[in-house]
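Read-outs: derived from the displayed coordinates by stated rules, not from any lab. Everything quoted here is computed from the prediction, not taken from an experiment. Cβ sites come from the backbone with ideal geometry, for glycine too, and all protein chains shown count toward neighbours.
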Amino acid sequence: MKIIVLKFGGTSVGSIARIKKIAKIIKAYSKSYRVIVLSSAMSGTTNKLIDLSKKISKNFSDQEYDVLVSTGEQISCSLLAGQLIENGLIARSLMAWQIPIVTEGEYKFSRIKYIDKKKILNFLKSGGIPIISGFQGINKDLNITTIGRGGTDASAIMFAKFFKAERCVIYTDVEGIYTTDPNKLKKAKKIKNISYEEMLEMASLGSKVMQPHSIQDARLNRINIEVKSSFFNKTGTLITKRKNIISNKIITGISSTDNDAKVTLLGVKDRPGIAALIFKPLSQNSINVDMVVQNISSNGKETDLTFTIKSFDLNKTIKILKNNTKISFKKLIVDKNVSKVSIIGVGMITTPGVTFRMFQALAKQNINIQVISTSEIKISVLIKRKNILKAIKALHAEFNLNK
Ligand code: ADP
Ligand code: ASP
Ligand code: MG
């Protein structure tokens, strides 16, 4: 039995017209495959549900958040199953608890651990098309969980893994993975093949087209992912292992974020262990610290420390730093108007001078670099948020991505 997993994102199920359109796509595949469908909520629905929770409380219970936000998928799955039935196919919606899709970890950020295949296999054998809610699961206490924003990507990859699917296709509102967000830069070009490593960096550094965990799972399980448009029938992008890819480009893509904040502590009393004392309470409060720079202490007594966090964690971070009696500093400065822009590419491993070219291209545009961080296949810089598009344009041209 050849199995294919199809995932449809929010815009792909965003209206009744869209649902009618993708029902046709599903029907076409059902002629040569047993089809498993994973659906997101209709676009905008999850955001609306989150807004409702905020109207109750800023500290809305995480467990109730999962019960609330997982309901969006129930609507889209039933509408899609209903449409397929209307078109003469055998279909049904299935929520995570009915299967079950078992998750582990905290509410809001659980991970799929296990999928019980029995019910779905039986349904597939009877010629049925299961329409499964992405994004949700249940934990060992049988409570509803969710797996992070954009999580239906990860649900699809885990279904491809557990059912040993021959193909896994992610349908979205763009034609594939582009050199940078095509909705930000018209000159962005569609990438034919991209490695898991590069896609993981791009996703983690702000390209929301794929959820980072889904790429990690695909890489671990060697699952090829096809990303394509549900609007136009065009070849998309294949996310696959590095060995399958031939490219002469040094840089594959450019990503950016729009929700960073920079925190600087001036005049921190310097002694061994001070950085750990600053960051320990942040990590205990699940605050993710990203870029870090510590200046060399000029007098051997005091130093300045700068780091970045997500802007939604800023108030919590300030409170924790001010209440931390184990450290002392002269001044706390914050800047909410910063963004991170990153260039990503396995080509930079073997090509010298990439850092210089990046910095020079930004300097030519008069863009000041505030913080730098690098890995083997990416260079990230923190800049003023208002310069982000200018920076993307300059780097896109510098690394020949316009062609
Ligand atoms: P879905 O609802 O289908 O999951 P998302 O909104 O999560 O879709 O992701 C698709 C969006 O990702 C696109 O509309 C695009 O604006 C954005 N995006 C960001 N970076 C990229 C990129 N490098 N290539 C393609 N799309 C990108
Ligand atoms: N509906 C969820 C979200 O908006 C999951 C998804 O779309 O993948 O984050
Ligand atoms: Mg998405």
Inset, instruction - Between 80, 238, 266, find the one with the highest GNM mean-square fluctuation for the chain; connect C-alpha pairs within less than 10 Å. - result: 266
Legend entry - Angle between the chain longest axis and helix 16-30 axis [Cα atoms, degrees, rounded to 10]: 70
Legend entry - Segment residue 241-residue 29, length gained on full extension (0.36 nm per residue, minus Cα span): 73.8 nm
Inset, instruction - Based on other C-beta atoms within 10 Å, arrange 163, 231 from fewest to most. - result: 231, 163
Legend entry - FRET efficiency, residue 87 to residue 183 (Cβ-Cβ, R0 35 Å, nearest 0.05): 0.65
Legend entry - Potential lengthening between residue 332 and residue 164 on full extension [0.36 nm per residue; Cα-Cα distance subtracted]: 55.2 nm
Inset, instruction - Relative to the longest principal axis of the C-alpha atoms of the chain, give the angle of the C-alpha long axis of helix 274-284, reported between 0 and 90° and rounded to the nearest 10°. - result: 30
Legend entry - Residue among 92, 357, 219 with the largest mean-square fluctuation in a Gaussian network model of the chain, springs linking Cα atoms under 10 Å: 357
Legend entry - Segment residue 56-residue 316, extension gain: residue separation times 0.36 nm, minus the distance between their alpha carbons: 91.7 nm
Inset, instruction - With everything on Cα atoms, drop me the angle between helix 388-398 and the longest principal axis of the chain, reported from 0 to 90° to the nearest 10. - result: 80
Legend entry - Relative contact order %, the chain, counting alpha carbon pairs below 8 Å whose residues are six or more apart: 13
Inset, instruction - Provide, for the stretch 120-216, the number of lysine pairs with alpha carbons under 30 Å apart, each pair being eight or more places apart or on different chains. - result: 20
Inset, instruction - Please find, in a Gaussian network model of the chain (springs between Cα atoms separated by less than 10 Å), the residue of 113, 316, 243 whose mean-square fluctuation is greatest. - result: 243
Legend entry - Distance (nanometres) between label positions extended 7 Å along Cα→Cβ at residue 126 and residue 258: 4.6
Legend entry - Neighbour-count order for 75, 367, fewest beta carbons within 10 angstrom listed first: 75, 367
